Amino acid sequence: RKHGIYGFCYYHYWFLGRRMLERPFNDVLTSDRPDFPFCLCWANENWMSRWDGREGATLMEQRYSEDDDIHHIRWLANVFSDHRYIRINNKPLFLVYRASQLPDPKRTSDLWREESLKSGIGEIFLCRVESLYGERGDPRSLGFDAAVEFQPDWKNLASPFLHGRFWKLIANNFLPNRHRVYQYSQFVHTMLQKPRVEYPIYHCVTPSWDNSPRREKGAVIIHESTPAIYEHWLKETINKTASENNNIVFINAWNEWAEGSHLEPCQKWKDQYLKATKNALLNSDLN
């Protein structure tokens with residue numbers, strides 16, 4: 001809050017009524033702490049074993065049904081009623097990470113809206129995350145209100161950065177595993193050149209990215225991030241957001257350590273990324 005962070009978006013894991021990694025969020029609800037705004041994003045993907053080096057095995061399958069849609073939104077209604085829950089135009093904000101994976105997204109969104117009205121929650125504000133290649137296009141065609149950008153935007157990455165001292169890394173067997181290395185400054189420049197879309201969208205930035213801890217092969221590494229470049233990107237994104245009459249920018253992420261994406265203070269940069277966040281706000285068109 002001191003550095004301009006308004007709230008947190010927690011990942012929510014729901015598998016046909018079964019919640020996973022639920023204890024931290026349960027504690028948030030039952031303890032009423034932290035006294036800090038939050039919303040949820042349903043991470044509706046299968047859990048696969050590839051993160052530990054084995055390919056193909058499904059650990060937890062994501063399945064869907066109309067009955068489960070109703071069960072799910074009734075459970076969510078208790079969360080939406082929390083006084084800290086983030087609202088857009090007084091509507092609880094709920095994100096779906098892979099909206100196109102729903103068998104009938106429009107039917108699901110209609111059911112959710114109907115049940116929210118019945119429960120007394122009122123209207124809800126649904127966002128589809130532009131997470132992977134198939135998650136693009138006008139979210140309103142799926143029954144959603146808006147999109148949320150995901151960063152890195154895999155569809156619009158610049159050319160890999162494979163010159164200079166990186167040849168030494170290739171010789172040291174760093175890149176032969178099909179890892180792709182990008183320069184953060186070039187990546188930011190590419191993101192700032194993206195054309196505007198014709199549907200409602202909330203923009204996103206990332207302070208850094210390196211998912212090689214999770215991927216033995218094919219990792220994406222965005223190299224040479226600095227607080228100053230991140231501050232520039234965030235400031236320009238805030239300006240774009242203000243010009244579109246929106247008031248939320250997402251940052252990926254607070255503590256995604258396994259993917260090298262963290263705003264939380266670290267040994268190398270201390271709290272400089274948080275300070276850069278505050279500076280971006282102070283120096284943006286909002287002030």
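Here is how the numbers come out for the structure above:
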quantity	calculated
Hits in region 250-287 - residues which are farther than 22 Å from residue 38 by Cβ, part of a loop (DSSP other than H, G, I, E, B) and open to solvent by less than 90 Å² (accessible area, probe 1.4 Å)	260, 269, 284
Residue tally, condition crowded, with 21+ Cβ neighbours inside 10 Å and within 21 Å of residue 97 (Cα to Cα), over region 238-248	0
In region 1-15, the residues that are open to solvent by less than 70 Å² (accessible area, probe 1.4 Å) and either more than 18 Å from residue 84 (Cβ to Cβ) or not in a loop (DSSP other than H, G, I, E, B) (or both)	3, 8, 9, 10, 12, 13, 14, 15
Among the candidates 35, 68, residue that is loosely packed, with under 10 Cβ neighbours inside 10 Å and either out of contact with any Lys or Arg (no Cβ under 8 Å at 6 or more places or on another chain) or at pLDDT 95 or above (or both)	35
Number of the exception - residue 261 against (1) modelled with pLDDT under 95; (2) closer than 19 Å to residue 191 by Cα; (3) among the small types (Gly, Ala, Ser)	(1)
Long-range neighbours under 8 Å by Cβ, at least six apart or interchain, first residue under 14 Å from residue 154 (Cα atoms) within region 196-217, second open to solvent by less than 10 Å² (accessible area, probe 1.4 Å) and assigned to a loop (DSSP other than H, G, I, E, B)	204/151; 205/151; 206/151; 206/152; 209/151; 209/152; 210/219; 211/219
Top-ranked residue in region 201-237 [being assigned to a loop (DSSP other than H, G, I, E, B), open to solvent by 40 Å² or more (accessible area, probe 1.4 Å) and in contact with a Gly (Cβ under 8 Å, 6 or more places away or on another chain); ranked as farthest from residue 97 (Cα to Cα)]	216
Within region 173-193, tally of residues that are modelled with pLDDT under 90 and farther than 16 Å from residue 208 by Cβ	6
Search result, residues across region 18-32 that are open to solvent by 30 Å² or more (accessible area, probe 1.4 Å) and either closer than 27 Å to residue 67 by Cα or not in a loop (DSSP other than H, G, I, E, B) (or both)	18, 19, 20, 21, 22, 23, 24, 26, 27, 29, 30, 31
Sole exception among (1) open to solvent by less than 90 Å² (accessible area, probe 1.4 Å); (2) free of Cβ contacts under 8 Å to residues at least 60 places away in the same chain for residue 89, by number	(1)
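Per-residue answers, yes or no, for (1) open to solvent by 50 Å² or more (accessible area, probe 1.4 Å); (2) within 20 Å of the chain's Cα centre (by Cα):
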{"residue": "47", "(1), (2)": "yes, yes"}
{"residue": "59", "(1), (2)": "yes, no"}
{"residue": "83", "(1), (2)": "yes, no"}
{"residue": "101", "(1), (2)": "yes, yes"}
{"residue": "107", "(1), (2)": "yes, no"}
{"residue": "123", "(1), (2)": "yes, no"}
{"residue": "126", "(1), (2)": "no, yes"}
{"residue": "134", "(1), (2)": "yes, yes"}
{"residue": "145", "(1), (2)": "no, yes"}
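The values are calculated or read from the model by the stated rules, or taken from the named source; none is laboratory data. Small disclaimer: the values here were computed from a predicted structure and weren't measured. Please note: Cβ atoms are built from the backbone with ideal geometry, for glycine as well, and neighbour counts cover all protein chains shown. SASA here: full protein model, heavy atoms, side chains in, ligands and nucleic acids out. Shrake-Rupley method; radii C 1.70, N 1.55, O 1.52, S 1.80 Å.
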